[in-house]
Amino acid sequence: MKYLAHRVLQSFFLLVGVSVLSFIFVELSPGNYFDEMRLDPRISSETVSRLRMQYGLDRPLPVRYARWLDSVAKGQFGFSFAYNAPVASLLWPRARNTLVLTGSATLLAWMIALPLGILSAARRNGLVDHATLLFTALLLAIPDLLLALGLLLFAVRTALLPAGGMMAVGSEEMGAWDQTKNLAIHMIGPVLVLVLACLPTLVRHTRAAMVDALNLPFARAARTHGISPRRILFRHAFPVALNPLISLFALSIGSLLSASLLTEVVFSWPGLGPLLLEAILGRDFYVVTGAVVLASVFLVCGTLLGDFLLIAVDPRIRMEKLA
Amino acid sequence: MSKGKHFVVPMVCVAAVHLVTFLSGFFAPYDYSEQDRHLPYAPPSTLHFRDAQGTWHWRPSVCALVERPEQFGVYEEDRTRCFPLAFFTRGYRYSAFWLIQSDRHLLAVTPPAKIFLLGSDGYGRDELSRLLYGGRLSLCAGLLAAASSVGLGLLLGTVAGYYGGWCDAIVMRCVELFLALPWLYLLFALRAFLPLHVSPSQAFLLLIAVLGIVGWARPARLIRGIVLSEKERTYVLAARMFGGSDFYLMHQHIAPRTYGLLLTQAALLVPQYILAEVTLSFLGLGVAEPVPSWGNMLAALQQYDVLVSYWWIWAPGFALFLVCINYWRLASAMQVAAEGTAHWQ
């Protein structure tokens, strides 16, 4: 328990570090949201400086950071200049959409990667193994951007899938079932891109972990004892291979979030990606900070989840860390 | 297959791409910003070895394009006006990174015919020329950024591993901080806090700096690990006994042990950084028009009509794929040579 508490505390400090870092970057950057207003002759300089004062931009860095922390504690995450609203009210719906996308992509990718990896490890140098190796090598070399654009082309050309967006126009009037169906159809494109983007790494690591596990002396011993290959595979080797895969799960969340950022922009999915891009182009710093911190919260949560899972499945770690 | 063979093919491919893009001025028939407003989205030119009379020629020729009346972007060749290609002719002046200055070009054709081997973009600019110039920028950004982040990693990793204590603690906390963020978010955040409107050369340097900062953490951690074990080696201790200074030990005895790892890390980072540059420019956060980069060339595909109608605009994507696959193969060949097995195989 002490170990877990320690990990949670560490993650918390990590998040504080991320937020401090982004505040320092803001401080170093030239210009802010209100500088563009200065160019407008219809807005007087008094108005600009009053606005700056209103949003606290004239205060020194530590004061601004303290104010920001205060607003985080209130659940507001600062204030967006462009939308004239608390950042949290912008972030939550967007974050939900991003989570829907990445969550289903993670689930689907693992559901494909685990059987495929195990199968190619069980039949090493077989047909499936070679095909998988070739397929993943090809996928590994195709950039996420091209995957997304290619799928968009497919969607536009064949009209089988909607070309971007999350809901069809007028979906508000549909029933709950139709709405879900509509959402699912819109999700196919971006989810497919994300799955294809992270599949090669997952499959290859699964295969490597299983091959390692099957080569361990105990697995060979089990084979000489005449235990059926299926039982060795699932009952004996798989639990051993699970350990590195859980670490991979935590790591893959980060790359998935990054890939999702790009995919959302290409497919105009209303997630964190387009919001972040707009905020950067509009120099809306609190939104940028909020989105970045939120993304790191997701990542840190994933890592923590990975730690918990490791402790749950691996008795060696449990003994070592909890003792 | 022998060990060397794994290296040769990707190495040659990578070197060839870098050389061709480095000499983009020579290989490109036109300057990257030369427009022809009468020929937007012209398809790739056909090379004719037979003229209108049906006589064969060794020297290929290109025919002038005529836009079909009242149909935008649909062209027909005027077979009566064909112009032979000229090789190694003089044209506009170019320089390759201030090293080579010349006005020789591989290919040219007399106007009004235009040689668009890969078609033209929306402003009637030659896609091939832009691909070459854009490749020069994108590939150089990748190389330099990888060099700077590996260099930063080497410096901080060696110092952290060698001195240990609070120095190590600070560097390692920073490493964890940088690894804790999803890299694209980190890249965006860094880019967000830098000025938006910058000149192309400033944007180029800015990109390199930002990419270099984003990726230093992983090499630094790996190098620290090596340094931790290397500094306890007997020959290092012996050199210290002889009175070698800290800098001498690090520079002469410890750092060289990390070079193999550095090279592999660089081969892994370069394609990632090329992709990162392409991503940023694609989203309008990198190098701006008219200077081409593979990213802002691909950005044209965000318009549906371009995405569907003009397949040659995909050329930078295909080039990107080729560069990436060869860098991956190079990196995995290096890993095989260093560790006996690539770590994902």
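The values are calculated or read from the model by the stated rules, or taken from the named source; none is laboratory data. Treat the numbers as computed from the prediction; the structure is a model and nothing was measured. Here the Cβ is made from the backbone with ideal geometry for all residues, glycine too, and neighbour counts use every protein chain on show.
Here are the numbers:
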{"read-out": "The listed residue being farther than 21 Å from A:TRP92 by Cα, touching a residue at least 24 places away in the same chain (Cβ under 8 Å) and more than 24 Å from the chain's Cα centre (by Cα), out of A:ALA221, A:ALA213", "value": "A:ALA213"}
{"read-out": "Elements of type helices (runs of 4 or more DSSP H) contained in the stretch A:214-316, each with 1 or more residues being within 12 Å of chain B (Cβ to nearest Cβ)", "value": "A:238-266, A:272-281, A:285-313"}
{"read-out": "Odd one out for B:TYR310, checked against (1) more than 9 Å from every other protein chain (Cβ to nearest Cβ); (2) touching a helix residue (DSSP H, G or I) at 6+ places or on another chain (Cβ under 6 Å); (3) buried (at least 18 other Cβ atoms within 10 Å of the Cβ)", "value": "(2)"}
{"read-out": "Any chance B:VAL74 is closer than 30 Å to B:ILE325 by Cα and not polar (S, T, N, Q)", "value": "no"}
{"read-out": "Test for A:HIS186: is it in contact (Cβ under 8 Å) with a residue 24 or more places away in the chain, over 20 Å from A:ALA159 (Cα atoms), under 21 Å from the mean Cα position of the chain (by Cα) and in a helix (DSSP H, G or I)", "value": "no"}
{"read-out": "Any chance A:ARG157 is loosely packed, with under 15 Cβ neighbours inside 10 Å, at pLDDT 85 or above and in contact with a helix residue (DSSP H, G or I) (Cβ under 9 Å, 6 or more places away or on another chain)", "value": "no"}
{"read-out": "Residue match in the stretch B:78-99 (condition: acidic (Asp, Glu), at pLDDT below 85 and touching a Lys or Arg at 6+ places or on another chain (Cβ under 6 Å))", "value": "no"}
{"read-out": "Filtered residue count, the stretch A:79-93, keeping only those that are in contact with a Pro (Cβ under 7 Å, 6 or more places away or on another chain) and without any contact (Cβ under 8 Å) to a residue 40 or more places away in the chain", "value": "0"}
{"read-out": "Subset of the stretch B:287-307 [more than 9 Å from chain A (Cβ to nearest Cβ), part of a helix (DSSP H, G or I) and more than 15 Å from A:LEU153 (Cα to Cα)]", "value": "B:TRP294, B:ASN296, B:MET297"}
{"read-out": "Meets criteria (surrounded by 20 or more Cβ atoms within 10 Å (Cβ to Cβ), of a type outside the set (D, E, K, R), touching a residue at least 40 places away in the same chain (Cβ under 8 Å) and assigned by TED's automatic domain parsing to the domain that holds B:ALA160) for B:PHE178", "value": "no"}
{"read-out": "The stretch A:66-78 residues that are in a helix (DSSP H, G or I), paired with ones that are buried (at least 16 other Cβ atoms within 10 Å of the Cβ) (beta carbon under 6 Å, 6 or more apart)", "value": "A:TRP68/A:GLY78; A:SER71/A:GLY78"}
{"read-out": "Checking B:ILE325 against (1) within 30 Å of B:THR46 (Cβ to Cβ); (2) at pLDDT below 85; (3) not small (Gly, Ala, Ser), the condition it does not meet", "value": "(2)"}
{"read-out": "Condition check for B:ARG218: at pLDDT 85 or above, within 12 Å of chain A (Cβ to nearest Cβ), farther than 24 Å from B:ASP246 by Cβ and surrounded by fewer than 24 Cβ atoms within 10 Å (Cβ to Cβ)", "value": "yes"}
{"read-out": "Per-region count, the stretch A:216-267, residues surrounded by fewer than 17 Cβ atoms within 10 Å (Cβ to Cβ) and more than 23 Å from A:LEU107 (Cα to Cα)", "value": "14"}
{"read-out": "Of all residues in the stretch B:1-58 being within 18 Å of B:SER293 (Cβ to Cβ) and of a type in the set (Ser, Thr, Tyr), the one that is surrounded by the fewest Cβ atoms within 10 Å (Cβ to Cβ)", "value": "B:SER33"}
{"read-out": "Sole residue being away from chain A (no Cβ under 14 Å) and modelled with pLDDT of 85 or more, chosen from B:VAL150, B:VAL171, B:VAL175", "value": "B:VAL150"}
{"read-out": "Any chance B:ARG125 is among the basic types (Lys, Arg) and in the same structural domain as B:ASN326 (by TED's automatic domain parsing)", "value": "no"}
{"read-out": "Qualifying residue in the stretch B:251-274 (condition: touching a Cys at 6+ places or on another chain (Cβ under 6 Å) and either under 30 Å from B:VAL198 (Cβ atoms) or of a type in the set (S, T, N, Q) (or both))", "value": "yes"}
{"read-out": "Every residue from the stretch B:148-202 that is farther than 29 Å from A:VAL287 by Cβ and not in a helix (DSSP H, G or I)", "value": "B:GLY164"}
{"read-out": "Scope the stretch B:135-150; condition of a type in the set (Gly, Ala, Ser) and more than 8 Å from the chain's Cα centre (by Cα); matching residues", "value": "B:ALA145, B:ALA146, B:ALA147, B:SER148, B:SER149"}
{"read-out": "Hey, A:ARG96 part of a helix (DSSP H, G or I), within 24 Å of the chain's Cα centre (by Cα) and among the basic types (Lys, Arg) or not", "value": "yes"}
{"read-out": "Residues of the stretch A:21-65 classified as farther than 22 Å from B:PRO195 by Cβ and either in a helix (DSSP H, G or I) or at pLDDT 80 or above (or both), total", "value": "8"}
{"read-out": "Conditions (1) at pLDDT 75 or above; (2) touching a Ser or Thr at 6+ places or on another chain (Cβ under 7 Å); (3) within 13 Å of chain B (Cβ to nearest Cβ): number failed by A:ILE118", "value": "(3)"}
